[in-house]
Every structure is written in structure tokens, then in C-alpha cells.
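S.K.: The structure is given below, and queries will be raised subsequently.
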Amino acid sequence: MATQLFVPNFRIDECLEQIRECLEKGWTGLGFKTLEFEKAWTEYTGLPHAHFLSSNTVGLHLALRMLKTRHGWSDGDEIIVTPLTFVSSNHAVMYEGLHPVFADVDESLCLDPADVERKISAKTRAVMFVGIGGNVGRYDEIVALCRKHGLKLILDAAHMSGTRVEGRHVGYDADVTVFSFQAVKNLPTADSGMICFADAEDDARARKLSWLGINKDTFARTNAQGAYKWMYDVEEVGFKYHGNSIMAGIGLVQLKYLDRDNAYRRQLAVWYSRELAQYPHVRVVDHSEKCESSRHLFQVRLSNRDEMMFALNEHEIYPGVHYRDNTQYRMYAYAQGTCPEAHRASDEVLSLPMHLGVTAHEVAKIASLLGKHAK
């Protein structure tokens, strides 16, 4: 049987029960389930606010739109970003007419604080930190840099559902944190996300902006008293970014099992690391000892990465690459050559199968094949 990179694990009967409730009540959009999931997420993470959205990508855009307009940023102002991420992170910067400035990564594949500081200019307004694979890298140093230079901190926590540092869920020290519940994430739905602002006013405004700038959402109007349920105001141009109750229902089920699932992922990481320790040509990308990682990814670096992928495919093992250096894309080619470590990693990094169906036996087989073919 083929070993895939990701295979989401849905508790199907429980998910169908949640969906059935939405269908029976005739309420599948923004409403009772999205509010329930938001409450559950704040209780789980300890973050003060949570607003359920249709994806992580729209959350990043919403964060940048709100920060830009609230603080009077101008088109062309700079956001320091990583080149080693899915393009949606950096596209969100472009959506707002802001300029992505790429800083290099360190061995964790997260932003290198030293290069971030070198890239700060008079036009820098924020840093976007991506916790690749659930890793925090040297995030605490990035927090300190942002405070030192008066910069906003956006945490792209797409891979970080369940990542904790010293017992606290990540995001408590960022201005805004955005999570992903996309189809193959650790907390999978079909697609959705959560935006968590530190500030209550930002959370309230996000709820309006994600519903086209309307000051009363459909659910609130439906449950209002009196004859003027259709009366609302449109306070600014917004977007249709809110999540729906079907996805929220699935999310509520998945959240119940998130810690258990992440614990198994960490066990897979232990097995991989133990098996691969005997092969010096396979460099494991370690996660920070400071964090209890969600372990969305287990990554290794190989000088013959592309050859290795073909070798594994012949044995019906299908790894992945996270990610291609974004400066190699035409959109961001202006920054080519500015992040040499990210460029090297982009040519070497390989993500191994990492899901609840992977067994210790499969880990040993994959490790053996890596050791046999690595150069």
C-alpha cells in the first residue's frame, strides 16, 4: 500500500452528527456552530479572541488590511517575511500594496533574527513569522526585535495548532495570530482558519470586515427582536471571509482529538530521528527544544533530494517539499540572492510522510531507503 505524505483522519460519525445538526436546523452558514467553535478555540488556546474564517489566507489578508488602515501605513511600506513558506503568506502582503522584504532562515527553517534585524528599514512596519512544521525556531528573539523596533508581529500559525511553549499555546505574544484548518492540517476540515487578535477592538472590527463591512451579521439579525431585522449599516468596504457552520462542526470534532493526534505525530518524529541517526548524509531538521511542537512536518535535508524522491516513489512512498524558495518565483524574483540559506534549503529539504496512519514499521522502511540512497 502506498505511503502518502498526508492523510487526514476524520472521525466520520461524529462529524456527520455535527453536520446533521446544521442541516436539521437549516443553518449552515455563519452562526451557532461558528460561535461555538470560536469559544472552544479560545478555551483550548487561552488566546483572548478568536474569529472563524474560510481560510488561513484570508486571515492573513484581513490582518494586514486592519493593521494598515488602523496605523496609517502607506502603499510600499515593508513587511519582513520568510522566503520558505507557501506563497499565500507573501501574497497576503501584496494584496494590501505592501512590499515583502525577505529575510533568511536559520537551521530551524524559520526566520533568522540576525538577518531580520539587518533587513529592518525606516519603511518596515511588521514582521510575519511562519512556524514551519509547527516549529517555533527562535521566535522569542523575533518578539524581542519587534518590541525593540516598534514593529507589529503577525504569526502565521498555519502549522501550529497545538504547539505550546512553556505550557502556553503559541500566539499569546503576537499582535495577531492566524491558524489553518485546511484539509491536510493537524486539525483538518475541508478548508477554514481562525484569526486571533490580541486587541478586543481589532476582533470586533474583524467580524465586520469579514462580513462585507456590515455591522450586524445574518445570525445576529435573525435572533434580534422586532420588525427591523433587515436594518443594518455598512461601515466600510469589507470582504466575504467568514467561516460556515459545516466547517465549524467538523472543527469542533477534530479539536477534541488534536492533542492526542499531535502526541502521535511527536512519536513519529522520535521514531524517524532514532532510525535516521545512523545515516550521516541525512540531516534532520530539529524542532526547538523550547516548544512542544504540533509536528505538522518532519523534514530532512539531502544533497540529492530530487533523486531521493524518485527512489522513494518507486517504493510507493510519496514525500513532499516544504517549500520552494519564494524568490525563485517570478512574482518575487526581485529578491533573488538575498536569502542564501533559504535557497540552499529549498534545494535540499524533504518532508516525510507524517500522519496518524504511518506506523513504526513504515518509519523504519523509509529511513532505511533514505540511508541507502542518500549522498
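S.K.: Being farther than 22 Å from GLY134 by Cα and surrounded by 14 or more Cβ atoms within 10 Å (Cβ to Cβ) is the filter here, so list the residues in the range 306-328 that pass it.
M.R.: Within the range 306-328, the subset farther than 22 Å from GLY134 by Cα is 306-317, 327-328.
MET308, MET309, ALA311, LEU312, ILE317, THR327, GLN328, listed by residue number.
S.K.: Please give the number of the condition HIS296 fails out of (1) within 30 Å of LEU16 (Cα to Cα); (2) surrounded by fewer than 19 Cβ atoms within 10 Å (Cβ to Cβ).
M.R.: Checking HIS296 against (1) within 30 Å of LEU16 (Cα to Cα); (2) surrounded by fewer than 19 Cβ atoms within 10 Å (Cβ to Cβ), the one that fails is (2).
S.K.: Pairs please, first residue from the range 93-115 and among the basic types (Lys, Arg) and surrounded by fewer than 22 Cβ atoms within 10 Å (Cβ to Cβ), second anywhere and modelled with pLDDT of 95 or more and in a loop (DSSP other than H, G, I, E, B), Cβ atoms under 6 Å, 6+ apart in sequence or on different chains.
M.R.: Cβ pairs passing all conditions: none.
S.K.: Which one of ALA157, ALA122, ALA174, ALA198 is surrounded by 24 or more Cβ atoms within 10 Å (Cβ to Cβ), outside the structural domain of LYS290 (by TED's automatic domain parsing) and farther than 24 Å from PRO353 by Cβ? Quick ask: steps written out before the conclusion?
M.R.: Working: ALA157 fails: farther than 24 Å from PRO353 by Cβ; ALA122 fails: surrounded by 24 or more Cβ atoms within 10 Å (Cβ to Cβ); ALA198 fails: surrounded by 24 or more Cβ atoms within 10 Å (Cβ to Cβ).
None of the other options fit; the residue is ALA174.
S.K.: Still on this model: Out of the range 272-306, which residues are among the acidic types (Asp, Glu), modelled with pLDDT under 95 and out of contact with any Asp or Glu (no Cβ under 8 Å at 6 or more places or on another chain)? Steps first, answer last, please.
M.R.: We begin by selecting, within the range 272-306, every residue among the acidic types (Asp, Glu); these are 275, 286, 289, 292, 306.
When the remaining residues are screened for being modelled with pLDDT under 95, the result is 286, 289.
Once the filter is applied, which keeps residues that are among the acidic types (Asp, Glu), modelled with pLDDT under 95 and out of contact with any Asp or Glu (no Cβ under 8 Å at 6 or more places or on another chain), the range 272-306 yields only GLU289.
S.K.: Of everything in the range 150-174, what is within 16 Å of GLU289 (Cβ to Cβ) and not basic (Lys, Arg)? Give them in sequence order.
M.R.: Residues satisfying the conditions are THR163, VAL165, GLU166, GLY167, VAL170.
S.K.: State whether one or more residues within the range 46-64 are more than 14 Å from the chain's Cα centre (by Cα) and farther than 25 Å from LEU252 by Cβ.
M.R.: Scanning the range 46-64 turns up at least one residue that is more than 14 Å from the chain's Cα centre (by Cα) and farther than 25 Å from LEU252 by Cβ.
S.K.: Continuing with the same structure: In the range 44-60, is there at least one residue being free of Cβ contacts under 8 Å to residues at least 60 places away in the same chain, buried (at least 20 other Cβ atoms within 10 Å of the Cβ) and in a helix (DSSP H, G or I)?
M.R.: No, the range 44-60 has no match at all.
S.K.: For the range 70-179, which fully contained strands (runs of 3 or more DSSP E) count at least 2 residues that are modelled with pLDDT of 95 or more and within 14 Å of the chain's Cα centre (by Cα)?
M.R.: Working: elements: 78-81, 99-102, 124-130, 152-157.
Output list reads 124-130, 152-157.
S.K.: Let me ask something else. On the basis of being under 30 Å from PRO353 (Cβ atoms), in contact (Cβ under 8 Å) with a residue 12 or more places away in the chain and not in a loop (DSSP other than H, G, I, E, B), does VAL184 make the cut?
M.R.: Working: under 30 Å from PRO353 (Cβ atoms): yes; in contact (Cβ under 8 Å) with a residue 12 or more places away in the chain: yes; not in a loop (DSSP other than H, G, I, E, B): no.
No: the conditions fail for VAL184.
S.K.: Can you go through THR28, THR85, THR42, THR3 and tell me which one is of a type in the set (Ser, Thr, Tyr), within 19 Å of LEU155 (Cβ to Cβ) and in contact with a helix residue (DSSP H, G or I) (Cβ under 9 Å, 6 or more places away or on another chain)? Write out each step before concluding.
M.R.: Numbers: THR28 fails: within 19 Å of LEU155 (Cβ to Cβ); THR42 fails: in contact with a helix residue (DSSP H, G or I) (Cβ under 9 Å, 6 or more places away or on another chain); THR3 fails: within 19 Å of LEU155 (Cβ to Cβ).
The conditions single out THR85.
S.K.: Taking the range 229-256 as the search range and keeping residues that are at pLDDT below 95 and aliphatic (A, V, I, L, M), which one is farthest from the chain's Cα centre (by Cα)?
M.R.: Going through the qualifying residues, I end up with MET231.
The values are calculated or read from the model by the stated rules, or taken from the named source; none is laboratory data. Just so we're clear, the structure is a prediction, and the values are computed from it rather than from any experiment. Don't worry about glycine lacking a Cβ; one is built from the backbone with ideal geometry, like all the others, and counts go over all protein chains shown.
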